[in-house]
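**Q** Just passing along the structure, written as structure tokens.
The values are calculated or read from the model by the stated rules, or taken from the named source; none is laboratory data. Predicted model, so just to flag it, every value in this text is computed and none were measured. Don't worry about glycine lacking a Cβ; one is built from the backbone with ideal geometry, like all the others, and counts go over all protein chains shown. The accessibility values were calculated without ligands, DNA or RNA, using every heavy atom of the protein model including side chains. Shrake-Rupley method; radii C 1.70, N 1.55, O 1.52, S 1.80 Å.
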Amino acid sequence: MNARLLSNETERLREVRRYAVLDTPHEEAFDRITRMAARLLNVPIATVTLIDETRQWFKSAVGLENRETSRDVSFCAHAILDDAMMTVPDAQRDPRFSDNVLVTGEPHIRAYAGVPLKSSNGFNLGTLCAIDTVARTFSADEQKILQDLAAMVTDELELRLALRERAQQAAAINNLHSGVLATDPNQPDNPIVFCNPAFSAMTGYEFNEIVGRNCRFLQGPDTDKAVVKEIREAIVERRTSQSVLLNYRKDRTRFWNELTITPVFDDQGQLISLVGLQTDVTERLNLESLRENLSHMIIHDLRGPLTTIMGFLDVLKQRLTNKLGKSESRFFEMAQGSASALNEMITSLLDVNRLEAGEMPLNLEECDLYELATNSTVAVRALVGKQKLTVTEPSLPVVALCDRTVIGRVITNLVSNALKFTPGDGEVRVVVEKAESTSRVSVIDTGFGIPAEYHARIFEKFGQVKGGSHVHSTGLGLTFCKLAVEAHGGTIGVQSEPDKGSTFSFTLPPTAVESAH
């Protein structure tokens, strides 16, 4: 009779493979146990058996030459169906096994006792079994011996699993590009007890120059003492800390260390280690600083000359209005338009940098968003050709706490984009409404649309986006919108498909009055 399958058989088979023992060579640790079982229980056959999909495979066996048999004739496949030991005093009288080929033929099994080998996750992997060729019962003492030996088998399996997983973890840690070290907070001065090769490469110290020392040997004269104090307080309070600290290599060159220290506790909640993950972020910080300085230089150095150019263009146009022909007037308008666009780009770049750095002050006040949207569209009326531009009035006032100027620019930018990429006979609508506990403004157009894969990129600096058959740069307008809305605690997003138009929406938190209701 074939043994039924457990309801969790798929998970059990996955657990068997997790131990990575199947089809491995004999090992003395297991062979010693089967020899003891055969000798102590006075049986000719003893095996350590694992059950997979189609077979019973013997990690160790006394009295058998084969390493496996089919699962459908396996006594052990029945034994793993229950957590208790299975005993069969006389297989010829047991209806499950009386016609089994292992009973009617070699090795002529008559008596069987098998103890399930339970994994740490509660799955029966196989058995330790004792087999006799004559009918017999196993005494209580013999059953206890077999159970004790089965526990030894389980311990050996768990030990191999732990060593294997530890080897995998060690390989992963040793191949990390980030530095990893561990300290022992239960020893005096919290010494380092482990570091990976990346930490040695980062600091220039060899392993034997690191282990046994406190981490302070990486500090120097310009290391921020306040940050060090914060790290020490976190260690004392047994909590994770994150910081960026100026450290010194063995050759005393400086590097910026992005550091995360995590406490590790045992099962009883006792602190046993502190693990530090360290990354050299010097190059990244230098690039960020260079980019910031370059941006400020460009902004300030361009704005002065550009303001002068725009002023002279205005003066020249006023003085020459009646002396210019149609084409000359058009040239002046193009020059003024280009100068104005460049000035807007510089303003946006400055504002984006300020928003990214959290340095743009917001003058918050309660604003009627419909009124704000109506006023904001006035600035873009000059861009309207044959398109239809409307602002839908809400049935009830929609009020938000925001910076009137900043959110006004957000709406203007969204409407300008919508008009720019909507054909001449299309429509752009601005809708102001309440959305659950937030206030929402949506700019809806019937334009070219944007493929889904570009919906995130469209808010990035100078991202290039293909909408339908049209390719255009998003410049800084949408980046400004995203940062400005998020600075208010709101969210912004887009819903769009090619040739089906776009809907850009942003939400703002409610006012204090609305929150109270």
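**Q** In region 385-395, is there at least one residue being among the hydrophobic types (A, V, I, L, M, F, W, C) and within 25 Å of Glu486 (Cα to Cα)?
**A** Checked against the condition, which is being among the hydrophobic types (A, V, I, L, M, F, W, C) and within 25 Å of Glu486 (Cα to Cα), region 385-395 yields at least one hit.
**Q** Oh, and also: So which of Cys215, Cys195 ends up being open to solvent by less than 40 Å² (accessible area, probe 1.4 Å) and within 26 Å of Ala170 (Cβ to Cβ)?
**A** Every option except Cys195 fails the conditions.
**Q** Tell me whether region 126-133 contains one or more residues that are closer than 22 Å to Asp52 by Cβ, hydroxyl-bearing (Ser, Thr, Tyr) and either free of Cβ contacts under 8 Å to residues at least 60 places away in the same chain or open to solvent by less than 60 Å² (accessible area, probe 1.4 Å) (or both).
**A** yes
**Q** Mind checking which residues of region 54-91 are charged (D, E, K, R) and closer than 17 Å to Leu117 by Cα?
**A** Once the filter is applied, which keeps residues that are charged (D, E, K, R) and closer than 17 Å to Leu117 by Cα, region 54-91 yields Arg55, Lys59, Arg71, Asp82, Asp83.
**Q** Here is a list of conditions, (1) surrounded by 15 or more Cβ atoms within 10 Å (Cβ to Cβ); (2) at pLDDT 70 or above, and Asp251 meets all of them except one; can you say which number that is?
**A** (1)
**Q** When Leu271 is evaluated against the numbered criteria (1) touching a residue at least 40 places away in the same chain (Cβ under 8 Å); (2) under 21 Å from Phe194 (Cα atoms); (3) open to solvent by 60 Å² or more (accessible area, probe 1.4 Å), which criterion, by number, is the only one it fails?
**A** The single condition Leu271 does not satisfy is (3).
**Q** Also, I was wondering about something else. Residue under question is Ser439, and the condition is that it be at pLDDT 90 or above and either of a type in the set (A, V, I, L, M, F, W, C) or touching a helix residue (DSSP H, G or I) at 6+ places or on another chain (Cβ under 7 Å) (or both); does it hold?
**A** So Ser439 fits the description; yes.
**Q** For region 226-274, what are the residues that are assigned to a helix (DSSP H, G or I) and either more than 26 Å from Glu206 (Cα to Cα) or aliphatic (A, V, I, L, M) (or both)?
**A** Across region 226-274, the qualifying residues are Ala226, Val227, Val228, Lys229, Glu230, Ile231, Glu233, Ala234, Ile235, Val236.
**Q** Write out, first by first residue and then by second, each pair whose Cβ atoms fall under 6 Å of each other, whose residues are 6+ apart or on separate chains, and whose first residue, in region 170-190, is over 20 Å from Arg239 (Cα atoms) while the second is β-branched (Val, Ile, Thr) and open to solvent by 40 Å² or more (accessible area, probe 1.4 Å).
**A** Ser178/Thr279
**Q** Taking region 66-85 as the region of interest, how many residues are open to solvent by 20 Å² or more (accessible area, probe 1.4 Å), touching a residue at least 40 places away in the same chain (Cβ under 8 Å) and over 13 Å from Leu5 (Cα atoms)?
**A** Counting residues in region 66-85 that are open to solvent by 20 Å² or more (accessible area, probe 1.4 Å), touching a residue at least 40 places away in the same chain (Cβ under 8 Å) and over 13 Å from Leu5 (Cα atoms) gives 2.
**Q** Restricting attention to region 254-267, and to residues there that are more than 19 Å from Phe217 (Cβ to Cβ) and among the hydrophobic types (A, V, I, L, M, F, W, C), which single residue is most open to solvent (accessible area, probe 1.4 Å)?
**A** Ranking the candidates gives Phe265 first.
**Q** Would you list the strands (runs of 3 or more DSSP E) that sit entirely within region 384-457 and hold 2 or more residues that are open to solvent by 60 Å² or more (accessible area, probe 1.4 Å) and basic (Lys, Arg)?
**A** The qualifying strands (runs of 3 or more DSSP E) are 427-435.
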